[in-house]
Amino acid sequence: MPLTPFDVDRLVAIITEEVLRAAGGLVVTGRCACHSLHAECCPDLLRGVLDAGASRLGMQASGGPAGSVAGLIDHTLLKPDASQVEIETLCREAAEYHFATVCLNPIWVPLAARLLRGSGVGVCTVVGFPLGATTADVKQFETRRVIFDGATEVDMVINVGALKSGDVRTVHQDIQAVTAVCRAAGVLSKVIIEAALLTDEEKVTACTLSKAAGADFVKTSTGFAKGGATAADVALMRRVVGDSMGVKAAGGVRDLTGAQAMVQAGASRIGASAGVRIVQESRGTTPVGSGAGGY
């Protein structure tokens, strides 16, 4: 549904309040009890922007069984020169260690879906990756295609340039183009905000728009920008989205200590190519390379 000028004004007001709240400069009292959102952003109240009702923000957004390190990890291989043998290894490791998903480029989704069928491991892929600089309709087509091919989770990159230009309408529509398709198909959506390229105010705006567009997760990074996940960014993102969404930390999480720091900061999912190492460290066994990379 297109945004009206009224809707845009409301989003700007909500984002402004979220920025002040994240900075500790404002105590927000106008939050709905049903979703922990600003009252004017509640799915039951702001139908012009959020047309799908409360279930859009009330979905389970955890990575796996409670207490399971592996169940928090998207076992990741996104490097452009990944071979079929490496993808097969990634899937074999994911099934063996019971990771939440494998996260790979769209071309490998059919293979991963076939190899992991019945394993309990999901297939996560990326849309608009890694720059986010394609149009919303193209991202929407990508999303439809990867779901058709067997993806169970979709990580999309926002239009970073539009965000930095202050164009909240374009950013919201960009995110919603993907989340609407995912929601209709029962597929989890994650919004990569590329935190390393943003100011704190822009991070708050990106998270607020992701929440308003009905995403299931916000995610720190592609792993291809100038920086990856930081505990400070995760904590900020968690404060903005509350408990109704997941937060995925990705980029540069290479060991158990790093993963624990992200979880303590508020992450409910970890994107890492070092998933095997992390799990083995948690078990007190000798770490070995996972054969993955690119994150």
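Every number here is computed from the coordinates shown, using simple stated rules; none is lab data. On a predicted model such as this, the values are computed, not experimentally measured, just so you know.
Table for the structure above
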item: Cα shape, segment 69-283, gyration tensor, a/c 1.5 rule; result: oblate
item: Rounded if a/c under 1.5, otherwise prolate or oblate - segment 143-182, Cα gyration tensor axes; result: prolate
item: Chain lengthening between residue 239 and residue 16 when straightened (0.36 nm per residue, less Cα-Cα); result: 78.8 nm
